[in-house]
1. For every other residue with a beta carbon closer than 15 angstrom to the beta carbon of residue 55, add +1 if it is Lys or Arg and -1 if Asp or Glu, then tell me the sum.
2. For n ≥ 4 DSSP H runs only, could you compute -39500 (n - 2.57) per run for the chain, divide by its residues and tell me the 222 nm figure to the nearest 500?
3. Return the sequence-ordered ³J(HN,Hα) values of region 16-33 in whole Hz as given by the Karplus equation 6.51 cos²θ - 1.76 cosθ + 1.60 applied to θ = phi - 60°, using x for Gly and Pro.
4. Return the tail of the calculated pair distribution for the chain, meaning the percent of Cα-Cα pairs more than 17 Å apart.
5. Kindly report the accessible area of region 7-74 per residue (heavy atoms of protein chains, probe 1.4 Å, no ligands, DNA or RNA), in Å².
6. Measure off 7 Å from each Cα along the Cα-to-Cβ vector at residue 42 and residue 64, then give the distance between these two points in nanometres to one decimal.
Amino acid sequence: HSPGVQPADLEEVVKKGVKTMVIGRGMSEALQVPASTVDYLKKNGVDVLVLQTEKAVAEYNALAAQGVRVGGVFHSTC
């Protein structure tokens, strides 16, 4: 769970041109998302939401249904 989601973990999704990235931290929110990862996304013009996994999945699905170019990683280190 540490060091958590790193910028390199997101590069492929960012290159696809997403406008919003949803990151799930696991059911107990133990997965870390460092400030450097959030900064990386913002510097690439991507809005970021960091949520508990169930909430992240619901948010991802809602954004996708609205036609938002959304990417997601859900407890990606396990």
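1. Taking every other residue near residue 55 into account, the sum is -2.
2. Numbers: 3 runs with 31 residues, N = 78.
So the helix-based figure for the chain works out to -12000 deg cm²/dmol.
3. Once rounded to whole Hz, the list reads 6, x, 5, 9, 9, 10, 9, 10, x, 9, x, 5, 9, 6, 8, 6, 7, 10.
4. Numbers: 1120 of 3003 pairs.
Across the chain, Cα pairs with separations above 17 Å total 37 percent.
5. On a per-residue basis, 57 Å².
6. According to this spin-label approximation, the distance is 2.7 nm.
The values are calculated or read from the model by the stated rules, or taken from the named source; none is laboratory data. What you see is a predicted model, and the numbers here were worked out from it, not measured in a lab. Positions of Cβ are generated from backbone atoms using ideal geometry, with glycine treated the same way; all protein chains shown enter the neighbour counts. To get the accessible areas, we keep the full protein, side chains included, count just its heavy atoms, and leave off ligands, DNA and RNA. Shrake-Rupley method; radii C 1.70, N 1.55, O 1.52, S 1.80 Å.
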